[in-house]
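Undergrad: First the structure, then my questions, so here it is.
The values are calculated or read from the model by the stated rules, or taken from the named source; none is laboratory data. Here the structure is a predicted model, which is why all the values come from computation and not from measurement. Cβ atoms come from the backbone with ideal geometry, glycine included; neighbour counts cover every protein chain shown. Calculation scope for accessible area: heavy atoms of the full protein, side chains included, ligands and nucleic acids excluded. Shrake-Rupley method; radii C 1.70, N 1.55, O 1.52, S 1.80 Å.
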Amino acid sequence: MEDLVRANKKRLVSSYLQRFSSVLILVVIIVVLAIANEKFFQFSNFTNIFKQTAILGVMALGQTICIITGGIDLSVGTVQSLSGVIMAVAATEWGVPTVVAIIMGLAAGTLCGFVSGVIIVKSGIPPFIMTMGMMTIAEGLALITTGGLII
């Protein structure tokens, strides 16, 4: 009987470790960083981290919805890049007002997503393949827009 109780406890501990191992690793990393640098827990550091991860967080939310519905979008990063390039080029080289440049960038990203979605739904092409194609198209359009130069 005692062996059975020990075996159940081992299974329970093993189950918890499997479930919460990523959280445990995150806590260990935070503790190590806090010990290594006394400025880690300052408000300015957390503000900086949140500012740097805001764009990725918004993109991850959209990708999460996509994955929950059974698809995948490989073009997220390049479409975001194309949108940023269009905004930058429109505002600096084309002389468009900043607000209009932002709207143009958002419209470009929306158009890419709309085209991908329509083609996936109407033709039955798997999302993996279609978004890989859109990734290539968006990357090419960004290169053409900048003339291959870094902005």
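Undergrad: Just to confirm a number: summing +1 for Lys and Arg and -1 for Asp and Glu over residues other than LEU17 whose beta-carbon lies under 13 angstrom from that of LEU17, what do you get?
TA: So the surrounding residues net to +4.
Undergrad: Write down the Kirkwood hydrodynamic radius of region 77-126, to one decimal in angstroms, obtained as one divided by the mean of 1/r over all alpha carbon pairs.
TA: Taking every pair of different Cα atoms in region 77-126, averaging 1/r and inverting gives 11.5 Å.
Undergrad: Here's something else I'd like to know. Leaving ligands, DNA and RNA out of it, work out the accessible area of CYS112 with a 1.4 Å probe and give it in Å² to the nearest 10.
TA: Roll a 1.4 Å probe over it and CYS112 shows about 20 Å².
Undergrad: Specify which residue in the list ASN8, LEU74, VAL27 is farthest towards the positive end of the charge dipole of region 1-98, using unit charges on the beta carbon of Lys, Arg (+1) and Asp, Glu (-1), about the Cα centre.
TA: Projecting each Cα onto the dipole axis, the largest value belongs to ASN8.
Undergrad: Shape verdict for region 48-106, please, from the Cα gyration tensor: rounded (a/c under 1.5), prolate (a/b greater than b/c) or oblate.
TA: Cα axes put region 48-106 in the prolate bin.
Undergrad: What angle do you read, to the nearest 10 degrees and between 0 and 90, between the alpha-carbon axis of helix 127-146 and the longest principal axis of the chain?
TA: The angle comes out near 50 degrees.
Undergrad: Output the direction-averaged projected area (hull surface divided by four) of the convex hull of the alpha-carbon atoms of region 21-86, in nm².
TA: 6.6 nm²
Undergrad: While we're on this one: Considering only SER22, SER81, SER123, give the residue with the highest GNM mean-square fluctuation for the chain, with springs between Cα atoms whenever their separation is below 10 Å.
TA: Of SER22, SER81, SER123, the most mobile in the Gaussian network model is SER22.
Undergrad: While we're on this one: What number in nm² do you get for region 56-151 if you take the convex hull of its Cα atoms and divide its surface by four?
TA: If I average the Cα hull's projected area over directions, I get 6.3 nm².
Undergrad: What net charge is computed for the residues neighbouring CYS112, neighbours being all others with C-beta under 15 Å from the C-beta of CYS112, Lys and Arg scored +1, Asp and Glu -1?
TA: Overall, the nearby charge balance is -2.
Undergrad: If I take the Cα coordinates of region 1-122 and project them onto the principal axes, what are the three extents in Å, biggest first?
TA: 78, 50, 16
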